[in-house]
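K.L.:
Would you mind keeping the following structure in view while I ask a few things?
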Amino acid sequence: MVLRKRRLLWIVPVTATVLAVTFWYLVVPYPRSLDDRKPETTALMEQRQREAAVAGRSLTIRQDWVDLAQISSNLQRAVVIAEDWRFREHAGVDWRALASVSFLLTRHLPETR
């Protein structure tokens, strides 16, 4: 029984990490593809359109593209921090956060018999 628990404690975090990395690789767009084209929509735009549709309102999306140099450096930093406050400390995948989530999941999973 103890060996089974130890195996589960090892397998769950590894599996969660592999699934997270696979999900990230398959779903998250590669940023280099945005070098030469601007995205037509974003996930937030699509969410706002769904919310407006549910509320029975119409929503027009207006995009005004500007050079990055025209955007305040404070706003640029705020966006990065809001997205991932440890962004500058890792190389794209926050392994510490993944490990934390994996650890929490293993502690809160119902015991199976």
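Coordinate-derived values only; no laboratory data. Bear in mind the structure is a predicted one, so any value in this text is a computation, not a measurement. All Cβ positions, even for glycine, are placed from backbone atoms using ideal geometry, and neighbour counts span all protein chains on display.
K.L.:
Taking 7 Å along the Cα-to-C-beta vector as the label spot, tell me the K38-A53 distance in nanometres, rounded to one decimal.
P.N.:
Result for the modelled spin labels: 2.4 nm.
K.L.:
Please turn the phi angles of segment 96-106 into ³J(HN,Hα) values with the Karplus equation 6.51 cos²θ - 1.76 cosθ + 1.60 (θ = phi - 60°), one per residue in order, whole Hz, x for glycine and proline.
P.N.:
For segment 96-106, the Karplus curve yields 5, 5, 4, 5, 4, 5, 4, 4, 4, 4, 5 Hz.
K.L.:
Arranged from highest to lowest average of other beta-carbon atoms within 10 Å per residue, in what order do the peptides 51-57, 17-23 appear? Walk me through the numbers before you get to the answer.
P.N.:
Numbers: 51-57: 9.4, 17-23: 12.3.
The most tightly packed comes first, giving 17-23, 51-57.
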